[in-house]
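See structure below.
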Amino acid sequence: MAAEAPKNKVEGLAEKVHVWPYLVRLEFLCALFTIIGLTVWSIVIDAPLEEAANPTKTPNPSKAPWYFLGLQDILVYFDPWFAGVVAPVLIIVGLMLIPYLDINPKGNGYYTYAERKVAIWVYSFGFLVLWIALIIMGVFLRGPGWNLFMPWQYWDPHKVVALVSVDLPYAFGVRTYEMAMLFGGVVIIGYFALGTAAYLFVERKAIKAVGLLRMLIKVQLYLIMIGIVIKIVLRLGFNIKYVWVTPWFNI
Amino acid sequence: MAAKKPGIPSLAELVAKVKSGEIFDEIKKVIVESQIWTSSFRHGYADTPRNRVLQIASNVWLHLHPVKIHRHALRIKFTWCMGGITFLLFLSTVVTGVILMFYYRPVGEYAYFDMKYLQYDVPFGMLMRNMHRWAAHAMVITVWLHMFRVFLTGSYKPPREFNWVIGVFLVTFTLLLSFTGYLLPWDQLAMWAVTVGTNMARATPFLGNEGPFAEYVGVTPRYDARSVLLGGSLVGPPALLRFYVLHCVFIPLVSGALMIVHFWRIRKDGGISGPL
Ligand code: HEM
């Protein structure tokens, strides 16, 4: 709108413009189009209403509302305590921490990729891949038994999928429960320890400017995000079920 | 038609008038000077800087705005208008939701049949239900897009850190608002989606009966994080009532309050972010 010079030159081309009429008319137009769109959509497409709720008849698949299907999909790879509780909490807390962790002063108030590449990559990956892509997959590709079906495939409720996955320690030849627990613990804790150490080493020059605490929190969040991807790859590519099995929880 | 009668302009003249915009001034003149207009409106609106300020400052709805803003804040390419559209969709759900409340009872025996009645017997009932549902779904999408644009423009950086935090509360409450509403039609879709969703609470560490370390706390299926949410051990009539109250009273009030703070902070933080 900046290009449109006001007809009666009330303020020429000043830095600041009056909200009335310049912003209010834009808001009005935006509202008009939105309401028209919503009304047409509501006339054309009816909201779904299935048969009455029946606690004895479980549909297959049972899907959460579409906006939670990303989380529901993570359930394939993680136990509910992580996918359903810890992951959402981490997402919310992690998002809230963004302004306090990203202290890059550049790119404040304008679009730029060059000045904040890492930030844009991390957020876009989390939003577009881990959230949106998983939702699209959950809505369109997940059928009975939460199995994957291509759009042209018949949703066969009796599709048999071999459960061939094993735990990571087993794949490495560890056979006793205690040793497997130890092995898994070393892998998980080692992953975070090594990841943290590597990040701090690579970024050692920045520690002073950024602050150690900030950096530690940041790298833990990165590692969790990468860890989720690693776990998905392990399951899909190598049939690994759990990395760490303990009497209390499994990862 | 060579002879030109006065008062009937040729096509070329007309086109020229439309192009120059002169015709609109003429139409405006005819309307504004008509007897109907002058008898209805006692005086005109003089487009002066003072009046432009007063339009905003002396209007209870509009004065949420500052009276002047940076020129760049008008650019749709910058804001995608997504925050404003999210707010508008929220208002749409409030209006249509109140209408739905006249016909809907959150009781196990009635809820589903009230939906049927609403759809087939209430004038415009189906339309109200559709608008409510689609506005809610659209709001989820627009709030995500708004968040994405705020991230891409780095608008969470100082001094706007806190407004981003409020925003994260807002996106959470938007999802909860949608989720609690999902149960109310009391059909198969509703019941099982909410069953899948709330089953997660069972696995809450310490507080869910199937969660890690639950045995040290002593929670049971009838007494844990999930049963607090549902008012029982499965998605039944008590859950319906709970979700109804959360959906129609608690969450809208909290979200509304947070939106007020959100808008107030935009102004206090110096308006929409921009270069410099
Ligand atoms: C119910 C949800 C929300 C509503 C109604 C809302 C509304 C608005 C509006 C109208 C604006 C003005 C500029 C624009 O339209 O882009 C705005 C700006 C802003 N919003 Fe939201 N918002 C919501 C959720 C969020 C969320 C989820 C976040 C981030 C997590 C957020 C963070 C911000 C920030 C930081 C600004 C200032 C942007 C700037 O200065 O450029 N808001 N919001």
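Among residues other than B:Pro221 with Cβ under 9 Å from its Cβ, the summed charge is +1 (Lys and Arg +1, Asp and Glu -1).
In degrees between 0 and 90, to the nearest 10, how far off the longest principal axis of chain A does helix A:87-101 point, with axes built from Cα atoms? Helix A:87-101 and the main axis of chain A meet at about 50 degrees. Using heavy atoms of the protein chains and a probe of 1.4 Å, the accessible area assigned to B:Val18 is about 70 Å². Based on the reciprocal of the average 1/r between different C-alpha atoms, the Kirkwood radius for chain A equals 23.2 Å.
Take the alpha carbon atoms of the stretch B:248-276, find their center, do the same for the stretch B:183-241, and report the distance between the two centers in whole angstrom. Cα centroid of the stretch B:248-276 versus Cα centroid of the stretch B:183-241: 32 Å apart. Our summary gives chain B a relative contact order of 16 percent, counting only alpha carbon pairs under 8 angstrom and 6 or more residues apart. If you take the Cα atoms of the protein assembly as shown, find Rg, then find the Kirkwood Rh from the mean of 1/r over all pairs, what is Rg/Rh? A ratio of 1.05. Remark: mean inter-chain Cβ contacts per residue of A:37-46 equal 5, using a 10 Å Cβ-Cβ cutoff to other protein chain atoms. The residues of the stretch B:129-194 present an accessible area of 24 Å² per residue when probed at 1.4 Å with all protein chains retained.
For chain B, the longest principal axis of the Cα atoms and the long axis of helix B:82-101 meet at an angle of about 70 degrees. Ranked by the mean number of other Cβ atoms within 10 Å per residue, highest first, peptides B:134-147, B:89-102 order as B:134-147, B:89-102.
The GluC sites (Glu not before Pro) of the stretch B:135-215 include none that meets both criteria, a DSSP state outside H, G, I, E and B (loop) and at most 16 other C-beta atoms within 10 angstrom of the site's C-beta.
Over the Cα atoms of the stretch B:1-113, the radius of gyration divided by the Kirkwood radius equals 1.20; this is the Rg/Rh ratio.
Considering only B:Ile85, B:Ile76, B:Ile166, the Gaussian network model of chain B with Cα springs below 10 Å gives its largest mean-square fluctuation to B:Ile76. Relative to the dominant Cα principal axis of chain A, helix A:212-238 is inclined by about 60°.
Neighbouring Cβ atoms from other chains, within 10 Å of the Cβ of residues in A:57-66, number 6 on average. Chain B and chain A together bury an accessible surface of about 7900 square angstrom, both sides counted, with a 1.4 Å probe and no ligands or nucleic acids included.
With the whole protein complex present, A:Lys16 retains an accessible surface near 80 Å², based on a 1.4 Å probe. Remark: accessible surface ordering of B:Asp269, A:Asp156 (largest first) is A:Asp156, B:Asp269, probe radius 1.4 Å. Once both labels are positioned 7 Å from their Cα atoms along Cα-to-Cβ, the gap between A:Tyr222 and A:Val164 label points is 3.6 nm. Over chain A, Cα pairs under 8 Å with separation of 6+ residues give a relative contact order of 20 percent.
With all protein chains in place and a 1.4 Å probe, the accessible surface of the stretch B:75-268 carries 73 percent carbon and sulfur.
Taken residue by residue and averaged, Cβ atoms of other chains lying within 10 Å of the Cβ of B:126-139 number 4.
The values are calculated or read from the model by the stated rules, or taken from the named source; none is laboratory data. Just so it is clear, the model here is predicted, and its values are computed rather than measured. Please note: Cβ atoms are built from the backbone with ideal geometry, for glycine as well, and neighbour counts cover all protein chains shown. Just so you know, the surface numbers come from the protein's heavy atoms only, side chains and all, with ligands and any DNA or RNA stripped out. Shrake-Rupley method; radii C 1.70, N 1.55, O 1.52, S 1.80 Å.
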